[in-house]
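In what follows, a structure is listed as structure tokens, so that the remarks can point back to it.
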Amino acid sequence: MVTAIFPAAGSSTRMGGGVNKNLLKLAGEPILVRTLKTFSQVERIKFLIVAVAEHEVETVEKLLSATENLKSWRVTIGGSERQYSIANGLKLLPDDAEIILVHDAARPLISVQTINDVIDAVEKFGGAIAAVPAKDTIKIVGADKFVRFTPPRRELVAVQTPQGFRRDLLLRAYDKAAEENFLGTDDSSLVERLGVRIKVVTSSYENIKVTTPEDIHVAETILRDRNGKTT
Ligand code: CTP
Ligand code: MG
């Protein structure tokens with residue numbers, strides 16, 4: 001079965017306001033709740049693990065207890081870096097979890113389709129990540145702020161979550177990163193260090209990470225469009 005881990009223990013610095021952005025409401029419903037509800041619609045997912053700051057554990061447990069139609073869940077305490085929050089989540093894995101998905105709680109617009117596509121690719125290849133083709137040209141820039149080179153755009157993707165892995169690979173990757181003090185900006189980069197090939201699954205540009213205040217408006221607009229289509 002599949003277990004999903006949701007890092008939600010960040011400090012939301014770029015959002016401002018001094019509150020956990022994952023608890024802000026989007027069209028009336030907290031971001032974290034929206035994210036968990038979508039994952040709960042996926043048949044193969046049986047367990048959800050959420051990492052939040054220590055002082056929010058109780059609030060979040062109450063919030064999730066009051067939410068209907070969620071798969072079984074546990075809340076744990078996050079760490080000072082996203083990677084440490086996920087490492088804490090990994091300690092709560094059920095014995096029968098063969099595939100682990102990691103998904104930023106702050107990506108509430110994820111679709112059931114993309115989640116299933118990532119799980120399918122993990123079953124086939126061992127590791128898979130959601131991504132979209134890079135829209136912008138990306139340049140490698142030196143510390144002196146001069147361009148070093150321009151990688152061809154057709155080879156570049158912007159990486160999102162979910163990122164999924166066979167349990168043994170992800171646990172080995174996290175052990176190795178801890179031993180070697182490696183801090184990555186995503187989970188795949190830890191697994192890549194084992195020499196494992198990671199499959200890229202094409203996702204949607206709508207799967208934004210709510211990061212700055214204007215992202216709230218963008219996300220609400222996307223939700224409104226979606227609702228307009230289904231009613
Ligand atoms: N996250 C976490 N633990 C951390 C840092 C981040 O669980 N120590 C989570 C965030 O809560 C978020 C996800 O990882 O759901 C992606 O991180 P990001 O969007 O960077 O959120 P924050 O770190 O909270 O925001 P900022 O970088 O602006 O402070
Ligand atoms: Mg951050």
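Overview of values
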read-out: J(HN,Hα) series, region 49-65, from Karplus relation 6.51 cos²θ - 1.76 cosθ + 1.60, nearest Hz, glycine and proline x; value: 10, 10, 9, 10, 4, 3, 6, 9, 4, 5, 4, 5, 4, 5, 4, 6, 4
read-out: Dipole moment magnitude, nearest 20 debye, the chain about Cα centre, only Lys, Arg, Asp, Glu C-beta charged; value: 560
read-out: Most to least packed among 150-158, 48-56, 88-96 [average Cβ atoms within 10 Å]; value: 48-56, 88-96, 150-158
read-out: Candidates 43, 179, 206: whichever shows maximal mean-square fluctuation once the chain is modelled as a Gaussian network with Cα springs under 10 Å; value: 179
read-out: Extension reserve of the residue 123-residue 214 stretch, reckoned as 0.36 nm per residue once the Cα distance is removed; value: 29.1 nm
read-out: Over 20 Å (Cα to Cα) - which of 91/124; 37/209; 46/176; 37/71; 46/229; 91/176 fall in this group; value: 91/124; 46/176; 46/229
read-out: Net lengthening on full extension, residue 59/residue 145 (0.36 nm per residue, minus Cα-Cα); value: 26.5 nm
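Rule-based calculations on the coordinates, nothing more; no lab input. Computed from a predicted model, the values in this text were never measured in an experiment. Here Cβ is always computed from backbone atoms with ideal geometry, including for glycine, and neighbour counts include all displayed protein chains.
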